[in-house]
1. Of 164, 176, 150, whose Cα points farthest to the positive end of the dipole of the chain (charges on the beta-carbon: +1 Lys, Arg; -1 Asp, Glu; origin at the Cα centre)?
2. If contacts are Cα pairs under 8 angstrom and at least 6 residues apart, what is the relative contact order of the range 8-114 in percent?
3. Give me the distance between the Cα centres of the range 8-76 and the range 105-180, rounded to whole Å.
4. Quote the FRET efficiency, to the nearest 0.05, computed for residue 3 versus residue 81 with a Förster distance R0 of 30 Å and r equal to the Cβ-Cβ distance.
5. Kindly provide the pair-distance distribution of the chain built from C-alpha pairs, with 10 Å bins from 0 and whole-percent values in order of increasing distance.
6. What angle do you read, to the nearest 10 degrees and between 0 and 90, between the alpha-carbon axis of helix 149-175 and the longest principal axis of the chain?
7. Output the 0 to 90 degree angle, nearest 10, between the alpha-carbon long axis of helix 122-145 and the longest principal axis computed from the alpha carbons of the chain.
8. Using Cα-Cα distances under 8 Å and only pairs 6 or more residues apart, what relative contact order does the chain have, in percent?
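The values are calculated or read from the model by the stated rules, or taken from the named source; none is laboratory data. Just so it is clear, the model here is predicted, and its values are computed rather than measured. Note that each Cβ is placed from the backbone with ideal geometry, even for glycine, and that neighbours are counted across all protein chains shown. With ligands, DNA and RNA removed, areas are computed over all heavy atoms of the protein, side chains included. Shrake-Rupley method; radii C 1.70, N 1.55, O 1.52, S 1.80 Å.
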Amino acid sequence: MDLKIENGRHIILGSFVGILTVQGVIIGASVFGDTSFIINAALGGAVALALANCAGSYVTRSAKEYEKLSRLEKPLLRSLDNTKIKKLTVKNVMISSLVMGGASFIGSLIPILPFIFLETRRLEVSIGLSITALALLGVYSGKLLKQNILLHLIRMAGLGGVIILVIYLLFRIKTGQAIM
């Protein structure tokens with residue numbers, strides 16, 4: 001697969017998961033109403049998610065790529081260690097892992113920003129900013145894959161909006177109170 005498309009998919013997935021996971025942490029932490037608690041919980045979630053996605057991408061991508069190398073080695077009856085193919089494989093695995101982890105972290109920061117910079121309406125702005133970022137990811141996805149941009153925008157923002165709404169409603173039902 002084209003490396004640009006592969007890394008683009010990692011950007012989309014990492015950002016999508018980062019935005020929604022941290023938005024969930026923020027909604028859950030908002031029950032307590034303490035802004036510094038919300039920011040710290042969200043940043044802790046962002047770092048954990050970024051590291052987990054980086055490591056997970058490394059494990060899965062390296063297994064896939066080293067399996068390909070193994071299939072190439074068999075008919076050649078030799079190891080491909082110390083070859084350009086092996087070095088390129090290692091480089092691609094590392095880049096993919098860093099892109100996935102980096103996109104997860106950057107995406108995770110989006111819902112946190114209103115809690116750092118605003119005094120009021122933080123949760124509402126956070127949710128709006130997250131859905132806007134998901135819509136932009138949909139545009140990027142459509143362009144990257146050369147498909148219908150509007151469809152990708154609606155799908156990405158719509159799925160994200162539904163997930164955020166479900167999380168919000170679950171916490172509201174559980175606590176019996178409005179969240180910040």
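1. In the chain, that residue is 150.
2. 54 percent
3. 17 Å
4. Numbers: r = 22 Å, r/R0 = 0.73.
Computed FRET efficiency for residue 3 and residue 81 comes out at 0.85.
5. 10, 31, 28, 17, 9, 4, 1
6. 50 degrees
7. 30 degrees
8. On the way: 233 pairs, mean separation 60.0, N = 180.
RCO, the chain: 33 percent.
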